[in-house]
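Read through the structure below, which is laid out as structure tokens, and then see the notes.
We did not get these values from a lab; they are worked out from the coordinates using the rules stated. Quantities reported herein were computed from a predicted structural model and do not represent experimental measurements. We place every Cβ from the backbone using ideal geometry, glycine too, and count neighbours over all the protein chains shown.
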Amino acid sequence: MDKIKFMIDSGSDISKEVAQALNIEVVPLYRMIDGVPVVDYYDFNIDDYCNYLRTCKEIPSSSQPSPEDFLTRYERFAQEGYDHIICITMSIYGSGTYNSAELARTMFEEQHPDSPMKIHVVDSWSCSLNMVMELRLAHRMMEAGAAVNTILEELYRVRQRTNTYYLIDNLEFLIKGGRVSPLKGGIASKLKIKPIVCVKNAQGSIPANAMGYQNGLSKLANFFWNDCTEEVELYVAHAGCPDKAQAIVDKIREKYQNLKYHIFPMLGTMSTQSGPDSIAICYVKDK
């Protein structure tokens, strides 16, 4: 059986517990907070960061990992005797992380032409816990003895059936990020409208708006009920609001009492883009 190493970037919101349990290498993104460099995942506290976001005058900037960040890891895993690396990254439409990983793959092959190790960079078509779902699926397949090509083909099929929805509490972050115009955002904020952002097949859209947060929870629950049976696992991410993450779980369990779910805090990338007190759900539809 091939020896496979999995890598993922911190835009996945992967928890340290999951990464450690599955022996996953996490490549961090970077951000600048009041002139101080912060490394996502390794040097980061989501509660402190969300408290900062609630009062900051300027949204922190971020940057993707460099090709060297990936290359040094590729070289280390080659020395450790891995046959394959499967590296799952944020969507190419939302981050330059995929390009850095791909450039590092080319650099590795040029600098180590005799290395038998193969590197597979996978565009997740999304972000956040969608990437963790793909990773856990790939890891289970590896443990079951699946070949690398079989794993990659299954990831592609699953990716086409995955939906990710964000319920946004504070429109300011969508406005500053250029995703909503200041005029529309200002009107929506006054009316207490909470947009629901969908990320599917690498494209973002706003399929619904909710009059208030509770109405937003109901809309998210309906998306899940319409797309899924009770057998589907639900993944929930939150930006410093675990109570709201539990609230969407409780709402969905009104119909699906035996729901299997996972709740994780967002890391720097997704909490900055969605804003504090936002939540996200993602799942693989089976209807």
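Structural remarks
- GluC sites (Glu not before Pro) within region 1-88: DSSP coil, no more than 13 neighbouring Cβ in 10 Å: 58, 80
- Fully extending the segment from residue 25 to residue 203, taken as 0.36 nm per residue of separation minus the present Cα-Cα distance, adds 61.4 nm.
- Convex hull per residue volume in Å³, alpha carbons only, for the chain: 125
- Computed as a quarter of the hull surface, the mean projected area of the alpha carbon convex hull for region 200-253 stands at 4.5 nm².
- Summarising the amide proton neighbourhood of residue 210: residues at separation of 5 or more, or on other chains, whose placed amide H is nearer than 5 Å comprise 194, 196.
- Which of 125, 225 has the fewest Cβ neighbours within 10 Å, and the rest in rising order: 225, 125
- Label positions at residue 253 and residue 1, each projected 7 Å from the Cα along the C-beta direction, are separated by 3.4 nm.
- Derived scalar couplings ³J(HN,Hα) [region 125-133; Karplus, 6.51 cos²θ - 1.76 cosθ + 1.60; whole Hz; x for Gly, Pro]: 6, 7, 6, 6, 6, 4, 5, 5, 4
- Among 164, 150, 272: highest mean-square fluctuation, GNM of the chain, C-alpha pairs under 10 Å: 150
- Couplings 3J(HN,Hα) of region 257-271, computed from phi: 5, 9, 4, 9, 9, 9, 10, 9, x, 5, 9, x, 5, 6, 5 Hz, in residue order, whole Hz [Karplus 6.51 cos²θ - 1.76 cosθ + 1.60, θ = phi - 60°; x for Gly and Pro].
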